[in-house]
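The values are calculated or read from the model by the stated rules, or taken from the named source; none is laboratory data. Just so it is clear, the structure is predicted and the values come from calculations on it, not from any experiment. Every residue, glycine as well, gets a Cβ built from its backbone with ideal geometry; the counts of neighbours run over all protein chains shown.
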Amino acid sequence: MMTRTKAPGAPEAPKAPDVIDAKAKAIHDRGVETVKKLKGIEMVAEMKVQGIDPAMLPPGLDGKSHVVLDFKNDSGGPAPFGRFVLESMKDGKTQMRFAFDGKGAVMIDEAKKCYTVSDAQWFQLLGQRAAALPQWYIENRMDMAAMGGSPDDQPKLVAATIVGEETLDGTPCDVIKVVRSMKLEGGEDDEGKPVPAKEMRISETIAFARTDGLPRRVASATEIPGEEAMSGMNTTATFNGVKADPTLDDKTFATAAPAGYKKQEAAAEDEQSQGPQMKVKAGEAALDFKLMDLAGKEVTLASLKGKVVLLDFWATWCGPCKQAMPSIQKISEDYKGKDVVILGVNTWEKKEGAGKKYMTEKGFTYGCLLAGDDLAVAYGISGIPTLIVIGKDGKIEKIEVGFGPEGDKGLRTAIEAGLAK
């Protein structure tokens, strides 16, 4: 990771004012509106990531992927697409094929000549491989209200400029730089003094094709002053062979397994998707803990024996964590009166009292445990939100890193499985 430095004693360079160029904004807005109107899309997507250990990347993210998305969603839920195909490619050949036909899913490993099937809960099987999908296209069709998000939780466009032109995917493109900004809530320092809110700025340099208005490359970087760990990752996604509204038929999304391939159980595949950083896997005994709740009462895993427990590791500076919390609240309300305990685990919080203050101000009523750093280390958690469902038998039903568009469905399925034991 590279950071900007200045000579000792030198004054900070004045920050250039944000400017929204009308022409740049019009090009950007055209791209967004065009994506929103698509019935489907086909492309070869490739993601490059800098500023992060490659070992931490989801499988299949370091190469090209053939993607077909059907934006008609008959399966319900807030996801902005229904049927889809994701094929990891290497040297022009398919390594892994994932297909969802609206009712069921299949993941085919060409190297091992095996396959895994799933029902409509495809996100449980795909796991972190979903990061290989074209995020810009998906995010700009996302119904944030359906995910429980608030407009105040979404970054706002504060700058847009034209930075050049380029030919990509065989078509001339206008290259636009846009900056979106979001205020992160302040807190208190170690002496109890108020700390002003910080600004998270997301810079995207996007090449929009003049022919159809769709992006062919998106380079993104995030900056949070004083939070170098949150500012180190840069991504560049390229999209080639883009076909807007391609012909989509049942054959495109076929989920039939190839003849002669061996069936593999979904649980084994599920464990692989959790990534090498986790020290405990689904099916193993959950780790005991002894933490204090918001009222100062000690809570242990042993005291919750015979109940299903959902642990949500989160922090107030984590945008995705906060976006997930309304869904966690809804789960808590839906399982009220049953043998289910919902616990946020406030983790990596730099300001004492920030977690309690946020829970109170937002009106979240499910339980929350404080100072969960050591427990996060014990589990091997490297990113938040991370959600862990523990069954009545004390064994882990599910570990979910991040919170996808239908993440609550996977958690509910795991909770039901834990209750059945």
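Below, the figures for the structure above:
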{"item": "Lone qualifier among G383, G394 - being under 23 Å from V340 (Cα atoms) and in the same structural domain as D334 (by TED's automatic domain parsing)", "result": "G394"}
{"item": "So D339, is it in contact with a Lys or Arg (Cβ under 6 Å, 6 or more places away or on another chain) and either at pLDDT 90 or above or surrounded by fewer than 21 Cβ atoms within 10 Å (Cβ to Cβ) (or both)", "result": "yes"}
{"item": "F239 vs. criteria within 26 Å of the chain's Cα centre (by Cα), farther than 30 Å from Q50 by Cα and modelled with pLDDT of 95 or more", "result": "no"}
{"item": "Extreme residue, farthest from K395 (Cα to Cα), among residues of region 344-357 that are modelled with pLDDT of 90 or more and surrounded by 21 or more Cβ atoms within 10 Å (Cβ to Cβ)", "result": "G355"}
{"item": "Options Q272, Q264, Q277; residue that is in contact with a Cys (Cβ under 9 Å, 6 or more places away or on another chain), at pLDDT below 90 and farther than 23 Å from D70 by Cα", "result": "Q264"}
{"item": "Matching residues, region 126-138, being modelled with pLDDT under 90 and out of contact with any helix residue (DSSP H, G or I) (no Cβ under 6 Å at 6 or more places or on another chain)", "result": "L126, R129, A130, A131, A132"}
{"item": "Sole residue being of a type in the set (K, R), in contact (Cβ under 8 Å) with a residue 60 or more places away in the chain, on the phi < 0 side of the Ramachandran plot and touching an Asp or Glu at 6+ places or on another chain (Cβ under 6 Å), chosen from K409, K351, K357, K398", "result": "K351"}
{"item": "Count of region 64-118 residues which are buried (at least 17 other Cβ atoms within 10 Å of the Cβ) and of a type in the set (D, E, K, R)", "result": "8"}
{"item": "Only one of G353, G344 that is in contact with a Cys (Cβ under 8 Å, 6 or more places away or on another chain) and under 23 Å from F289 (Cα atoms)", "result": "G344"}
